[in-house]
1. Taking the Cα centre of region 1-160 as the origin and placing charges on Cβ (Lys, Arg +1; Asp, Glu -1), which of 8, 44, 152 is farthest toward the positive end of the dipole?
2. Students often get this wrong, so check it: of 6/220; 187/281; 54/220; 180/228; 220/281, which have C-alpha atoms separated by over 28 Å?
3. Using alpha-carbon pairs under 8 Å, 6+ residues apart, how would you state the relative contact order of region 149-201 in percent?
4. As an exercise, use a Förster radius of 25 Å and the Cβ-Cβ distance of residue 122 and residue 211 to find the FRET efficiency, rounded to the nearest 0.05.
5. Below 10 angstrom from the Cβ of residue 144, what's the summed charge of the other residues (Lys, Arg +1; Asp, Glu -1)?
6. Once fully extended, how much extra length lies between residue 234 and residue 22, figured as 0.36 nm per residue of separation less the alpha-carbon to alpha-carbon distance?
7. May I ask you to list the trypsin sites (Lys or Arg not before Pro) in region 1-30 that are in a DSSP loop and have at most 15 other Cβ atoms within 10 Å of their Cβ?
8. For residue 146, what residues show an amide H to amide H distance below 5 Å, using hydrogens built from the backbone and excluding near sequence neighbours?
Amino acid sequence: AFLSFKRSRGYRYIRAEFMLRDFDRFVASTAKSRSSWCVEEVMLAWLGRLPDRKSSSVAGELTVVREFWKYLRRLDPRRFTNEPLWPRLKTESRFAATILSPEQVRLILRLIGRLDRPRFRRHLYRALFLVQYCAGLRFGEALRLRTRDVDLRRGTFFIADFKGRSRWVPFHPSLTTELKQYLRARKSFVGTDPRPDDRLFVGANLDRLPVETAGATFRKLYRISGMKPARGRVGPRPYDLRHTFVVHRLTRWYRQGADLHSRLPWLSAYLGHVNLLGTEKYLAATPELLSLAANRFRRLYTGGKRKS
């Protein structure tokens, strides 16, 4: 009933369902030996059932189970009066984004050019890779693009409502050329011109490219390139192209001598952030960026009259 309630309000609640079914199994097994426990005690015990877990993982389950408790309180306000003392957890991820160098970007593009079975994959993943790298789109935003969202004449993407915001994203004419080549290959692969509601990026089913398929292909490419080990979560992720876009844009502005304080709001709006706080996590200090900043600082304070 809770899942139906959430989905009726527009939430997909796919991962949450997996969590709640695990919670349901825990309740069933616990009730046999802990029949005196109340629901709140079982919830807290479920959150602490596995030792040495990352706080971010527990925090994800905590969010779901709190929503479930609030739902129960709406059903029976007299029974669920006092909200449990939920644990306070640090939710920030320690995962450090990998910033690809221009040489590494070119290497991945060369590896994409060797994909086969079918040859359309070369056009597909080249276009997807360049859309993320050249326009800084989120991985999911790129995969959700429909042909109506791409205006090749004006050189813009329309990103539909995501995280409460919609936006237009302009891109360079060189990306327009790449997308025209991709659309020709797409028509040859699918057999027809795309309709406005069709997904821009399509997979073997001729409908859409699944996130899991695209993610697995990029992980394989990163491993072949030597940027990512054969096992583990270390190394570049598909989402890191967005981080790479930001750092490379800042590097270009530094080289041009641009005023970063006036440009950062532009970058924040381009990325679809509500404010500059959402952009902060993308501002990684790469060696090249630090070197450019240091050179600017040195010219400012040692070249000519010192400025205050």
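The values are calculated or read from the model by the stated rules, or taken from the named source; none is laboratory data. As the structure is a computational prediction, the values presented were derived from the model and not from experiment. Every residue, glycine among them, receives a Cβ derived from its backbone with ideal geometry; neighbour counts consider all protein chains shown. These accessible areas exclude ligands, DNA and RNA; they are computed on the full protein's heavy atoms, side chains included. Shrake-Rupley method; radii C 1.70, N 1.55, O 1.52, S 1.80 Å.
1. Ranked along the dipole, the leading option is 152.
2. 6/220; 187/281; 180/228
3. Relative contact order for region 149-201 comes out at 21 percent.
4. Plugging the Cβ-Cβ distance into 1/(1 + (r/R0)^6) gives 0.80.
5. Numbers: positive: 138, 146, 199, 208; negative: 141, 149.
After counting each charged neighbour, the total is +2.
6. 73.6 nm
7. On the way: sites: 6, 7, 9, 12, 15, 21, 25; in loops: 9, 12.
Those that pass, being in a loop and sparsely packed, are 9, 12.
8. Amide H neighbours of residue 146, under 5 Å, 5+ apart: 200.
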